[in-house]
Amino acid sequence: MDDDERYFMNDSSIKKIPADDRRANYRASEIDVDRAELAQHLAGRHQWVLATTRRDGRPQMSLVTGGMIADGRLAISTYPERVKAKNVRRNSAVSVAVMGEQFNDAWIQIDGDGEVIDLPDADDAFVEYYRSISGEHPDWDEYRQAMADQGKCMIVITPTRWSPLSKGGFPPSLFDD
């Protein structure tokens, strides 16, 4: 517990909110999740924020579409000349934020090691990526050809750790239980 939390917890002037108050619907929470629960949270949530590191050490964030593929890695389709791909090639340490449907829904941060896979080596990764987001494609050969024609590449991330499933709001300590 840091000094700010200690001060807040000992401040007797803070008025507790009744547990049945409407604000109780907006309590902050943090829930530790295992890998299966992480996969469950990611299912159906494909709008992510990818954080990579620029040459000067500052973060570079990109709005991306991503999916968790069958082996538990995260997959993001992009182009080799995009900054995110260049950054991952230089520094594999990446983070991904995955939010819920609404801005104030539960979210999670996943840290991991990223790798850029170029075609033709990325063929199978593109199929897994598509399946993780949209299911089966009606013509896989056509899809593979489209990825080749567009000159795309894949960023594949091996998760090394992740935060609790977090939801912002009022600190639970504000409420009478």
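Based on what the data block shows, is Ile76 of a type in the set (A, V, I, L, M), assigned to a strand (DSSP E or B), in contact with a Lys or Arg (Cβ under 9 Å, 6 or more places away or on another chain) and closer than 11 Å to Ile155 by Cα? Judged against the criteria, Ile76 is a match.
Hey, among Gly57, Gly100, which residue is over 25 Å from Asp32 (Cα atoms) and in a loop (DSSP other than H, G, I, E, B)?
Gly57
In the stretch 72-83, of all residues being touching a residue at least 40 places away in the same chain (Cβ under 8 Å) and more than 15 Å from the chain's Cα centre (by Cα), the one that is farthest from Leu42 (Cα to Cα) corresponds to Pro80. Scanning the stretch 117-164 for residues that are touching a residue at least 40 places away in the same chain (Cβ under 8 Å) and either touching a Cys at 6+ places or on another chain (Cβ under 7 Å) or part of a strand (DSSP E or B) (or both) gives Cys153, Met154, Ile155, Val156, Ile157, Thr158, Pro159, Thr160, Arg161, Trp162.
Put simply, of Ala106, Ala75 the only residue that is modelled with pLDDT of 95 or more, surrounded by 14 or more Cβ atoms within 10 Å (Cβ to Cβ) and of a type in the set (A, V, I, L, M, F, W, C) is Ala75. Restricting attention to the stretch 109-141, report how many residues are among the hydroxyl-bearing types (Ser, Thr, Tyr) and exposed (fewer than 15 other Cβ atoms within 10 Å of the Cβ). The qualifying residues number 1.
The values are calculated or read from the model by the stated rules, or taken from the named source; none is laboratory data. Remember, predicted model here, so these are calculated numbers, not experimental data. Cβ coordinates were reconstructed from backbone atoms using ideal geometry, including for glycine residues, and neighbour counts include every protein chain displayed.
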